[in-house]
Every structure is written in structure tokens, then in C-alpha cells.
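The values are calculated or read from the model by the stated rules, or taken from the named source; none is laboratory data. Since we're looking at a predicted model, the values are computed, not measured. Backbone-built Cβ (ideal geometry, glycine too); neighbour counts: all protein chains shown. For the accessible areas, the whole protein counts, side chains as well, though only heavy atoms, and no ligand, DNA or RNA atoms are used. Shrake-Rupley method; radii C 1.70, N 1.55, O 1.52, S 1.80 Å.
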There are 2 protein chains.
Amino acid sequence: MTQSEFKLDEAVAILERTPATLKAMLDGLPDIWTRAAEGEGTWSPYDVIGHLIHGERTDWIPRAQHILAADPRPFVPFNRTAQFTESRSQTLCQLLETFARLRTENVATLRGMNLIDSDFDRRGLHPELGEVTLRQLLATWVVHDLDHVGQIARTMAKA
Amino acid sequence: MTQSEFKLDEAVAILERTPATLKAMLDGLPDIWTRAAEGEGTWSPYDVIGHLIHGERTDWIPRAQHILAADPRPFVPFNRTAQFTESRSQTLCQLLETFARLRTENVATLRGMNLIDSDFDRRGLHPELGEVTLRQLLATWVVHDLDHVGQIARTMAKA
């Protein structure tokens, strides 16, 4: 998705579908599919859902709010392995429900921001990438969803 | 999926989920997502659903029946571009419904075969690959689903 083509409704169309996609794909599947990773240091579908939950809590919407607040400090760094400590006691079904609930809340928050065109050019400071626009942040959220759906399918195809 | 690990219930667990996964992912999405391909000669999500429908009609179950009938002739070659002529007049929603109906019927047919362990070693003649076992055919069906789910996610991530 190039920046100039970014449209909020098109982004939300993907974001709001991802929980149902993952539920249809994974809920009730035998562990042999959902707990398999691609190799040492890679993530199983179960791990990916935990990662997506952590993103809903700490990444996308908090960073959008950070940009809109014109906070000059860098974003809080994202913990890419939080799912290995945060959600280990939960079933996959529980994680899928948590993700769906958080995503619904976050899409409502996003819509409630009532963004106007010029807002998408507002910038924040990414701790690794430097300046990013709100448009880039939101486009990355969408691509991140699709990348992880693809990753899950690929991981299971190899299982 | 290695041959020795193939279990029918685990295969069916994926096969029966794919229509709902694709419906959750694609139904109602703007065309900008569903009609985009990765480049010249590649397939859009819309094209992929047409391809999956053609597979339900002419590939997996007909070939399994061919093997179980001990037919010594090669399988009828699969037409990889049938979706470009067969389903062009239909909406994506119609294609998703057709795929779901055919898949439900085919999973019921598969279960109705009441396969026993030795059946999975029975062989047929693939027109390009030579001898293939029923186990290989069914494992390929599952991986084919997952590959196309991953392809759709990847195509949309690039759109």
C-alpha cells in the first residue's frame, strides 16, 4: 500500500476482518497445527495470536494517540517477545476472543478519532525507524495483519 | 506434512475450515483488495477462489476416486486457468458460496469413503508427477489450501 493510496475505510475493512479470519482458520484445530512452528526461534500460530494481542495493547492505537498528541518523545519500544510470558496460561480460544475484543475496541477508537486528511501527515518518532507519519503507522498495521495471516498459513503448510 | 504423519482427521480439520476462513477474509471487502494481483500474470484473490472451485470440481475428489477405482490411466490433467473463463460473470460472494458448498460436499464424500490405513498407500498416475499415493494426494490438497490462503494474504499486503 503506497502512502498516496491510503484510505481509512479500506484499511479498516482489513483490520475489522482479521479476528474472524483467524478464528475461522484456527479455533478448534488440533494442537498439531496450532502449536507447530517453522523451526527453532520461529513462532507457532498460537504465538502469533499472543503477539497480535500485545500489538493491540501497546503498539498501534497507543502510537496513533502519541502522534495526535504531538508528543515529541520516541514511541515506547515494542516488545516482540511479550507473548512468551504474557499469555502462556491461556487457551488458543481465549486468545482469539481477547484479540477480537481488543481489535473491536481499537477500530472503534480509530474511527472515533475523526481523522481529517491533514492528520495522516502528522508525525511521530519511531525508536528505530525515525520519523513516521500516522498514514505510515496505519498502513503498517494493515500489512502487519496480512503478513501474520500469511505466516500462519505458511507455518501450517510446513507442519 | 510428511507422509508418515498424515492423519485424515487432521487433514479434514483444515479442509473444512478453508471456506469460512476465505469468507471471513474476503466477503464484502472493497474490490481494491480482492481484484488486485501481484503483477502481470499473477492471480487476484478473486481469481484464486475461482481456481479453488475448479479444484473441487475436477481435481481432488475425482482423483481420489480414480485411485480407489484402481484406474491405470493417468489422471485427467488439471486446467490451471479455468477460472479465467468459467466464473467471470459471478460476484466474489457467489464464488465464496459455491466454494463452501462444493467443499462441504467433498469433505462428506471423503469421509464416506471410509478409508482404512492401507487405502492411503494406493496409487494413481499423475500426468506430470508419475505415481502418487492417495496419502500424497490428500496431503497436497491440504497444503494447497494453506498455500492459497497465504498467497491471498500476501497479495493483499502488496496491494
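A few remarks follow.
- Residues that are in contact with a strand residue (DSSP E or B) (Cβ under 9 Å, 6 or more places away or on another chain), modelled with pLDDT of 95 or more and either in a strand (DSSP E or B) or more than 14 Å from chain A (Cβ to nearest Cβ) (or both) occur in region B:97-120; there is at least one.
- Residue match in region A:148-157 (condition: open to solvent by less than 50 Å² (accessible area, probe 1.4 Å) and more than 14 Å from chain B (Cβ to nearest Cβ)): no
- Any hit, region A:53-76, residues being outside any loop (DSSP other than H, G, I, E, B), closer than 18 Å to B:ALA24 by Cα, more than 10 Å from chain B (Cβ to nearest Cβ) and open to solvent by less than 50 Å² (accessible area, probe 1.4 Å): no
- Within region A:123-159, the set of residues being farther than 17 Å from A:HIS66 by Cα, in contact (Cβ under 8 Å) with a residue 40 or more places away in the chain and charged (D, E, K, R) comprises A:ASP145, A:ARG154, A:LYS158.
- Residues that are over 20 Å from B:HIS54 (Cα atoms), surrounded by fewer than 18 Cβ atoms within 10 Å (Cβ to Cβ) and of a type outside the set (Val, Ile, Thr) within region B:130-147 comprise B:GLY130, B:GLU131, listed in sequence order.
- Condition broken by B:ALA36, with the remaining ones in (1) at pLDDT 95 or above; (2) over 26 Å from B:GLU131 (Cα atoms) satisfied: (1)
- Among the residues listed as B:PHE99, B:PHE75, B:PHE120, the single one being of a type in the set (Phe, Trp, Tyr), touching a residue at least 24 places away in the same chain (Cβ under 8 Å) and touching an Asp or Glu at 6+ places or on another chain (Cβ under 8 Å): B:PHE99
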